[in-house]
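Report on one structure; see the data block that follows.
The values are calculated or read from the model by the stated rules, or taken from the named source; none is laboratory data. Just so it is clear, the structure is predicted and the values come from calculations on it, not from any experiment. Methodologically, a virtual Cβ is constructed for each residue, glycine included, from the backbone with ideal geometry; neighbour enumeration extends over all protein chains shown. Ligands, DNA and RNA are excluded from the accessible area calculation, which covers all protein heavy atoms including side chains. Shrake-Rupley method; radii C 1.70, N 1.55, O 1.52, S 1.80 Å.
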Amino acid sequence: MKTIYGIQYLRAFAALAVVVFHAAEKTGHPFAIGAAGVDVFFVISGFIMWVISDRRALTPAGFLYERVRRIAPIYWLATMVMVAGGILGLFPNLMLTTQHIVSSLVFIPVRSPSSGEIWPVLVQGWTLNFEMFFYLIFALSLFLERRRRLVAVAAVFTALVLSGLVMSARNPIFLTYTRPIMLEFIAGMFIGQAWLKGKVLGPQFGLLLVILAIGGFLAIQVFKFPFNEFNCGPLAISLVAGTLSLEAAGRIGRWRVLTFLGDASYSIYIWHAFAISVIAKLGGSMGLPPGITFAVAVAGGAVLGSCAYILLERLLTKLFKSAKPTAWSKAVPAEEI
């Protein structure tokens, strides 16, 4: 699939927004809106999965094989770094149990013994529980004719969200997979369908959507409007749809740095918190001004993630790609995202 630079840049900005969010959180600066980078990621994920399923011959098992090969190794490695750090006492607030570790590694939502929240050992991995569930449902939809897939996946996710609105439960799996944030994947798929059919908005309207989305995110931050998927979801959808309109009109060119950061966005997302935690502690112990510690933490998180992409993600991806899949999982490889 031809590189869509607008999507690459959105991935870069979404990852960096999460980095800024965590750096701000650690240094006492309010920037909750940075967490909305996750909403953008979910919309993008739905878009790309739908587009590649049109461009490539995929089997359900082959699709899952490609997704696990792409997502899991880096996440497993980072999780085991957390586990090792917890055992060595480097993370004094981290409580480890076998159930929590195993559930984290196999993408099953459970409550953390450290906080009681529905978080894996590597906290930012909570989004991967959603991603892998989406991949599973999407893979099952590949058994259907293409014209039925979008409606089928949308129906499943809508039914789950509606059940969450009318039913009350404390089960972590139910609470996770009935959140309205799930619908962001579906929105991305619909945007992908419009993209494939050439039914994108004009560049003027697309630019307006981008401006309104950015303005909406800023308004949430400045005026402290409720921060949830009901507000951030539509803004993320508008941002992706508007960016693609500009892309289709040829208004977005190639920027090497942003393209690289888009490629590295997954590693940045997975690894940045390690650097931020260390820098925040060092800054506090050295008496550095919070603003300087914050800036160094942002830079450190981005640099660590970028280095992890170059030194680890590329290597692991190459190693797993060289391993021949079994017969049941053979398929034309899915686009690497």
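Here are a few things to note about the model shown:
- Flag if Thr158 is under 27 Å from Ala308 (Cβ atoms) and in a helix (DSSP H, G or I): no
- Residue within the range 106-114 that is of a type in the set (Phe, Trp, Tyr) and surrounded by fewer than 18 Cβ atoms within 10 Å (Cβ to Cβ) present: no
- Considered as a group, the residues in the range 136-147 that are assigned to a helix (DSSP H, G or I) and at pLDDT 95 or above include one that is farthest from Ser103 (Cα to Cα), and that residue is Ser141.
- Residues of the range 35-55 that are at pLDDT 95 or above and of a type outside the set (Val, Ile, Thr): Ala35, Ala36, Gly37, Asp39, Phe41, Phe42, Ser45, Gly46, Phe47, Met49, Trp50.
- Reported count of residues in the range 116-125, each being over 15 Å from Ala78 (Cα atoms) and open to solvent by less than 60 Å² (accessible area, probe 1.4 Å), is 2.
- If you filter the range 158-176 down to residues that are in contact (Cβ under 8 Å) with a residue 60 or more places away in the chain and surrounded by 18 or more Cβ atoms within 10 Å (Cβ to Cβ), you find that the one that is nearest to Tyr135 (Cα to Cα) is Thr176.
- In the range 191-227, the residues that are among the charged types (D, E, K, R) and more than 27 Å from Leu150 (Cα to Cα): Lys224
- Among the residues of the range 126-151, those identified as within 13 Å of the chain's Cα centre (by Cα), open to solvent by less than 20 Å² (accessible area, probe 1.4 Å) and without any contact (Cβ under 8 Å) to a residue 60 or more places away in the chain are Leu128, Asn129.
- The set of residues from the range 161-194 being part of a loop (DSSP other than H, G, I, E, B) and among the aliphatic types (A, V, I, L, M) comprises Met167, Ala169.
- Check on Ile44, surrounded by 23 or more Cβ atoms within 10 Å (Cβ to Cβ), under 16 Å from the mean Cα position of the chain (by Cα) and not charged (D, E, K, R): yes
- Flag if Phe31 is in contact (Cβ under 8 Å) with a residue 60 or more places away in the chain and either of a type in the set (Ser, Thr, Tyr) or surrounded by fewer than 20 Cβ atoms within 10 Å (Cβ to Cβ) (or both): yes
- Of all residues making up the range 220-263, the number that are over 23 Å from Lys197 (Cβ atoms), in contact (Cβ under 8 Å) with a residue 40 or more places away in the chain and among the hydrophobic types (A, V, I, L, M, F, W, C): 9
- Note on the range 195-219: among residues that are touching a residue at least 60 places away in the same chain (Cβ under 8 Å) and buried (at least 19 other Cβ atoms within 10 Å of the Cβ), the one that is farthest from Ser53 (Cα to Cα) is Phe217.
- For the range 54-67, a residue qualifies if it is open to solvent by 10 Å² or more (accessible area, probe 1.4 Å) and touching a helix residue (DSSP H, G or I) at 6+ places or on another chain (Cβ under 8 Å), and the qualifying residues are Asp54, Leu58, Thr59, Pro60, Ala61, Leu64, Tyr65.
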